[in-house]
Amino acid sequence: MFQSINPYTRKPIATFQELWPEQLLEIIDKVDEEFHRWKLTTFQERSALFLKMAELLRKNSKHYAKLITSEMGKIIKESRAEIEKCAWLCEYYAEHAERLLAKEHIKTDAGKSYVRFDPMGTVYAIMPWNFPFWQVLRAAVPTIMAGNTMVLKHAPNVMGCALAIEKLFLESGFPENVFRNLLIPVELSEKVIAHQAICGVTLTGSMQAGSIVASQAGKYLKKCVLELGGSDPYIVLNDADINQACKIGANSRMLNGGQVCISAKRFIVEAGIYDQFVEEQKSLLENLRLGNPSLEETDMGPMAREDLLVNIERQVGKSVKMGAKIIIGGKRIKNTWFFEPTLITNVTKNMPVYHEETFGPVSVMIKAQNAEVAVRIANDTSMGLGASIWTQNLGLAEKMAARIEAGAVFINGMTKSDPRLPFGGTKQSGFGRELGSYGIKEFVNIKTVWVK
């Protein structure tokens, strides 16, 4: 039995009955049967359905946003923005998928030789709660546009969103078994991965979950894409537009209550502006309005679950005991799931807030003597998801970007996902890519055809 709980009221919203193992296998078999029909549809047919989905997302934006906010505590304006981004995603692949998967002709000794990109089967998606619509559709839209089908295991605390997405596919006109939601506990995941119809698995989540899923995918020889945690550096050099860097940095770190894998985690600030940057960050965080995430005026809601709150308390508390200094915040607000917007200085590399992903509203400040030291600190992590560099010297910034070990580097901008660009990480932040031309080719058979 799954239960969703409103993080603001801390009261149950709904309960959901788990599938029996026999029901699970029956659903996968039906989705596999549908794959053999769906793969024969044209790009034009698929595009029309995703354009209808974009229309329905916008038409029902208030309903979907309210559902997101109630299940995981995202402030309502951010929930609406998530739905709008999903609509854009649908439109992007509806317009460009055929071009992205067009046959690639290559001149050889043959009369004709080319590469084609054919659908593979049913993909198993394991998705997190922090962007409950976006994360699912980010994986599903390109995968299904490529001619595959999908089964989803969503996070237990957002099963209402999972069912709403399944219903959205039906209302958009998709055949019933192109996309199915699986209400199953994590213990049944290996049974899904092992099923002969499953051609691959895509997971967004923690490094621990990624390691388990990757080992299971390897055991059964299934393709695997992992988007895992991040400890993203946010480098600010002396010549940066400090006001803009501060404003965007605070937004990046506190967005979604700090529960974003690619948000700024470690602020690495050059010595000449370090004190000013810390003071401006302090002022910005002090003025955030915490409260009911359903209200328009609220800037930050509660954390999504109590266990997440306990972990961020542990990270901050242990770091303080090791010498970190709290400038503002640093504690849970009594009898709530809120954690105060927090600013920490005097951070050294052995502290949890330095070497672990801080998935909450905690800004970590690290002083760097120069750009060279900043790059070294940025790479001093087991993770490599995203990074930001702020400077007016674009030539220097691009040289730094080439050396930073991350899946994406944004110069004078906030790290974000974009349907047009590949998204993913390196090192322990995972492998494979979503979005762009690379994402749509992750679950296709790259087939050589040689004609004499």
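The values are calculated or read from the model by the stated rules, or taken from the named source; none is laboratory data. A quick note: this is a predicted structure, and the numbers were derived from the prediction, not measured. Here the Cβ is made from the backbone with ideal geometry for all residues, glycine too, and neighbour counts use every protein chain on show. Heavy atoms of the whole protein, side chains included, go into the accessibility calculation; ligands, DNA and RNA do not. Shrake-Rupley method; radii C 1.70, N 1.55, O 1.52, S 1.80 Å.
From the list Ser437, Ser363, Ser388, Ser417, which residue is open to solvent by 20 Å² or more (accessible area, probe 1.4 Å) and either closer than 14 Å to Leu237 by Cβ or not hydrophobic (A, V, I, L, M, F, W, C) (or both)?
It is Ser437.
Write out, first by first residue and then by second, each pair whose Cβ atoms fall under 6 Å of each other, whose residues are 6+ apart or on separate chains, and whose first residue, in the stretch 257-270, is closer than 15 Å to Trp390 by Cα and among the charged types (D, E, K, R) while the second is open to solvent by 10 Å² or more (accessible area, probe 1.4 Å) and in a loop (DSSP other than H, G, I, E, B).
These pairs meet every condition: Glu270/Asn238.
Quick check, is Trp88 at pLDDT 95 or above and touching a helix residue (DSSP H, G or I) at 6+ places or on another chain (Cβ under 7 Å)?
Taking the combined requirement at face value, the residue does not satisfy it.
Specify the residue that is farthest from Met72 (Cα to Cα); the eligible residues are those in the stretch 1-28 that are out of contact with any Cys (no Cβ under 9 Å at 6 or more places or on another chain), open to solvent by less than 60 Å² (accessible area, probe 1.4 Å) and in a strand (DSSP E or B).
Looking at residues that are out of contact with any Cys (no Cβ under 9 Å at 6 or more places or on another chain), open to solvent by less than 60 Å² (accessible area, probe 1.4 Å) and in a strand (DSSP E or B), I get Phe16.
Taking Ala374, is it in contact (Cβ under 8 Å) with a residue 60 or more places away in the chain, open to solvent by 10 Å² or more (accessible area, probe 1.4 Å), closer than 19 Å to Arg253 by Cβ and touching a Leu at 6+ places or on another chain (Cβ under 9 Å)?
For Ala374, the condition - in contact (Cβ under 8 Å) with a residue 60 or more places away in the chain, open to solvent by 10 Å² or more (accessible area, probe 1.4 Å), closer than 19 Å to Arg253 by Cβ and touching a Leu at 6+ places or on another chain (Cβ under 9 Å) - is not met.
Do you know which of the residues in the stretch 275-304 that are in contact with a helix residue (DSSP H, G or I) (Cβ under 6 Å, 6 or more places away or on another chain) and open to solvent by 40 Å² or more (accessible area, probe 1.4 Å) is farthest from Ser79 (Cα to Cα)?
Glu280
Condition (residue is closer than 28 Å to Leu89 by Cβ and outside any helix (DSSP H, G or I)) applied to the stretch 29-39: is it met by at least one residue?
Scanning the stretch 29-39 turns up at least one residue that is closer than 28 Å to Leu89 by Cβ and outside any helix (DSSP H, G or I).
How many residues does the stretch 54-113 contain that are farther than 21 Å from Leu255 by Cβ and either in a helix (DSSP H, G or I) or open to solvent by less than 30 Å² (accessible area, probe 1.4 Å) (or both)?
Residues in the stretch 54-113 being farther than 21 Å from Leu255 by Cβ and either in a helix (DSSP H, G or I) or open to solvent by less than 30 Å² (accessible area, probe 1.4 Å) (or both): 20 in total.
For every residue, the table says whether it meets (1) out of contact with any Gly (no Cβ under 6 Å at 6 or more places or on another chain); (2) in a helix (DSSP H, G or I); (3) surrounded by fewer than 23 Cβ atoms within 10 Å (Cβ to Cβ).
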{"residue": "Ser189", "(1), (2), (3)": "yes, yes, yes"}
{"residue": "Gln196", "(1), (2), (3)": "yes, no, yes"}
{"residue": "Cys199", "(1), (2), (3)": "no, no, yes"}
{"residue": "Thr202", "(1), (2), (3)": "yes, no, no"}
{"residue": "Ala214", "(1), (2), (3)": "yes, yes, yes"}
{"residue": "Leu221", "(1), (2), (3)": "yes, no, yes"}
{"residue": "Ile235", "(1), (2), (3)": "yes, no, no"}
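Could you list, ordered by first residue, the pairs with Cβ atoms under 9 Å in which the first is in the stretch 165-179 and under 14 Å from Asn60 (Cβ atoms) and open to solvent by less than 40 Å² (accessible area, probe 1.4 Å) and the second is at pLDDT below 95 and not β-branched (Val, Ile, Thr), at least 6 apart or interchain?
Here the result reads none, with nothing in the stretch 165-179 linked to a residue that is at pLDDT below 95 and not β-branched (Val, Ile, Thr).
Please verify whether Lys349 is in contact with a strand residue (DSSP E or B) (Cβ under 6 Å, 6 or more places away or on another chain), open to solvent by 20 Å² or more (accessible area, probe 1.4 Å) and among the basic types (Lys, Arg), treating the condition exactly as stated.
No: the conditions fail for Lys349.
Residue check: is Thr358 touching a Lys or Arg at 6+ places or on another chain (Cβ under 8 Å), buried (at least 21 other Cβ atoms within 10 Å of the Cβ) and assigned to a loop (DSSP other than H, G, I, E, B)?
yes
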